[in-house]
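First comes the structure, then the notes that go with it.
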Amino acid sequence: MKMILISFLILALAPFGVAQENLPDSANIITAMRIDAAIGPIAVKQIKDAIKNSEEMDAEALIIQLNTPGGGLESTWDIVQLILASNVPVVVYVSPPGARAASAGVFITYASHIAAMAPQTNIGSAHPVSMGRAQIDSTMDEKITNDAVAKMKTLANKNKRNIQWGEDAVRKSVSVTEFEALRDSIINYVSYDIDSLIAQIDQDTVELITGQYIIKATNPKIVKIKTGFANSILEVISDPNVAYILMAIGMLGIYFEFSNPGAILPGVIGGISLILALFSFQALPINFAGVLLIILAMIMFLLEIKISSHGILGGGGVLALILGSMMLVNDTEFPYKGISLSVIIPTAFVFTLFFFIAAYLSLKAHRRKIATGQAGIVGETGITKTIVGPEGGTVFVHGELWKASADAVIEPNQKIKVVAVDGMELKVAKAVGK
């Protein structure tokens with residue numbers, strides 16, 4: 001069982017290589033991948049893997065079909081660095097129709113060696129606060145904005161794109177359509193599909209870190225780079241609602257493990273769930289106050305089990321859990337969404353039900369009559385084996401023979417009841433009734 005669990009973890013969490021479709025024996029290989037989500041650590045990993053595989057295949061170019069509302073600053077800079085360091089020309093293609101390259105997508109598009117957009121798409125709104133930053137003061141906002149503008153200018157200079165528009169996209173959050181972007185030298189092409197884009201980039205000269213490179217895209221073989229199994233899992237758990245559920249499972253699993261040491265399975269499941277939740281949260285704008293409220297809720301629930309507060313601690317825990325859950329992900333920060341109430345309420349209900357049941361069982365156990373040790377034998381019944389009186393005798397109680405004494409003489413084979421314990425000697429009386 002342990003080996004199966006370890007094998008599963010290796011398969012689920014190992015950094016799978018990207019899948020390839022019928023890798024052809026041809027020099028003119030064009031690789032293609034899709035990013036259709038907010039920019040975060042997972043997008044960084046996907047692009048890193050795609051560039052690596054494209055380099056290994058000696059591809060003529062890597063086309064990234066991009067549709068994103070934005071993302072985190074650190075992840076954006078990581079992707080920009082990956083593109084700038086690539087030995088394969090990277091073509092960013094904002095598609096399909098209706099797609100956008102907002103916020104982080106603008107920097108990624110400007111970093112690309114060739115930029116293209118499909119009809120009915122738009123690009124812009126690149127102010128840093130729009131990329132998942134928590135609320136910051138004006139001085140820090142100015143520093144971050146100036147830093148972003150400097151990066152945008154550097155990328156625009158390198159790839160011969162519109163410097164002024166890039167600055168306006170950061171400072172003023174301007175946005176344009178595909179044909180406006182083409183007119184203003186923001187992109188290189190408007191392409192109706194992948195095939196037309198490949199025809200347009202054929203024989204284009206780009207500047208790589210190794211020098212100038214001419215793309216040979218005549219009669220190419222297109223290799224679609226698929227999302228690996230591990231990346232697919234990471235994409236799912238990056239949803240705030242999934243991350244929240246994983247956090248809840250993790251906390252319950254850890255609690256079960258500490259309550260029942262040696263159970264192992266709850267601890268393993270809880271530990272894995274918490275780690276996955278923490279991975280998801282690093283890509284989200286987490287509100288620290290929400291985290292503190294959830295921790296406070298857990299403390300209150302645990303105290304409710306240990307202390308009889310007549311439900312005050314439990315009720316406070318429920319309120320703290322709900323408020324903390326609603327505040328956990330800052331849903332005012334574009335492009336992220338908060339945790340859905342349809343997830344928060346059932347989760348809070350399950351937590352509340354669990355801990356109140358645990359508190360009830362704990363209280364019931366405290367009120368239960370002691371059943372072990374010397375105190376636990378008081379009130380038990382037995383049989384006299386010898387005459388028992390003030391001078392003593394022998395009785396059979398709880399499957400054992402005991403020395404006993406009684407105020408009045410009791411004959412052998414009579415039913416008795418233990419009324420007190422004095423050291424290792426019982427004080428008994430004749431039982432009333434049969």
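The values are calculated or read from the model by the stated rules, or taken from the named source; none is laboratory data. Note that this is a predicted model, so its numbers are computed, not measured. Cβ: placed from backbone, ideal geometry, glycine included. Neighbour counts: every protein chain shown.
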Looking at the structure I just gave you, is Pro346 more than 30 Å from Leu293 (Cα to Cα), modelled with pLDDT of 80 or more and loosely packed, with under 13 Cβ neighbours inside 10 Å?
no
Give all pairs with beta carbons closer than 9 Å in which a residue from the stretch 343-357 that is free of Cβ contacts under 8 Å to residues at least 60 places away in the same chain meets a residue that is of a type outside the set (D, E, K, R) and outside any helix (DSSP H, G or I); count only pairs at least 6 apart in sequence or on separate chains.
Phe356/Gly311
Consider the stretch 76-119. How many of its residues are touching an Asp or Glu at 6+ places or on another chain (Cβ under 6 Å) and either within 21 Å of Asp49 (Cβ to Cβ) or among the aromatic types (Phe, Trp, Tyr) (or both)?
2
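Here's the yes/no breakdown for (1) at pLDDT 90 or above; (2) out of contact with any Leu (no Cβ under 6 Å at 6 or more places or on another chain); (3) surrounded by 18 or more Cβ atoms within 10 Å (Cβ to Cβ):
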| site | (1), (2), (3) |
| --- | --- |
| Leu73 | no, yes, yes |
| Trp77 | yes, yes, no |
| Val80 | yes, yes, yes |
| Val91 | yes, yes, yes |
| Ser95 | yes, yes, yes |
| Arg100 | yes, yes, yes |
| Met117 | yes, yes, yes |
| Gln120 | yes, yes, no |
| Lys143 | no, yes, no |
Kindly indicate whether any position in the stretch 204-220 is touching a residue at least 60 places away in the same chain (Cβ under 8 Å), within 39 Å of the chain's Cα centre (by Cα) and not assigned by TED's automatic domain parsing to the domain that holds Gly40.
no
Residue pairs within 8 Å by beta carbon, gap of at least six or interchain, first lying in the stretch 411-434 and at positive phi, second in a strand (DSSP E or B), listed first then second, are Asn413/Ile383; Asn413/Thr384
Flag for Ser405 being within 46 Å of the chain's Cα centre (by Cα), small (Gly, Ala, Ser) and at pLDDT 80 or above:
no
Meets criteria (of a type in the set (Val, Ile, Thr) and at pLDDT 70 or above) for Ile322
yes
If I go through the stretch 189-203 residue by residue, how many of them are under 20 Å from Ala118 (Cα atoms) and more than 40 Å from the chain's Cα centre (by Cα)?
3
Selection from the stretch 145-176 of residues that are part of a loop (DSSP other than H, G, I, E, B) and either modelled with pLDDT under 95 or closer than 18 Å to Asn188 by Cβ (or both)
Lys160, Arg161, Asn162, Lys172, Ser173
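One residue is enough: does the stretch 243-262 have a residue meeting the conditions closer than 23 Å to Ile39 by Cβ and of a type in the set (Val, Ile, Thr)?
no
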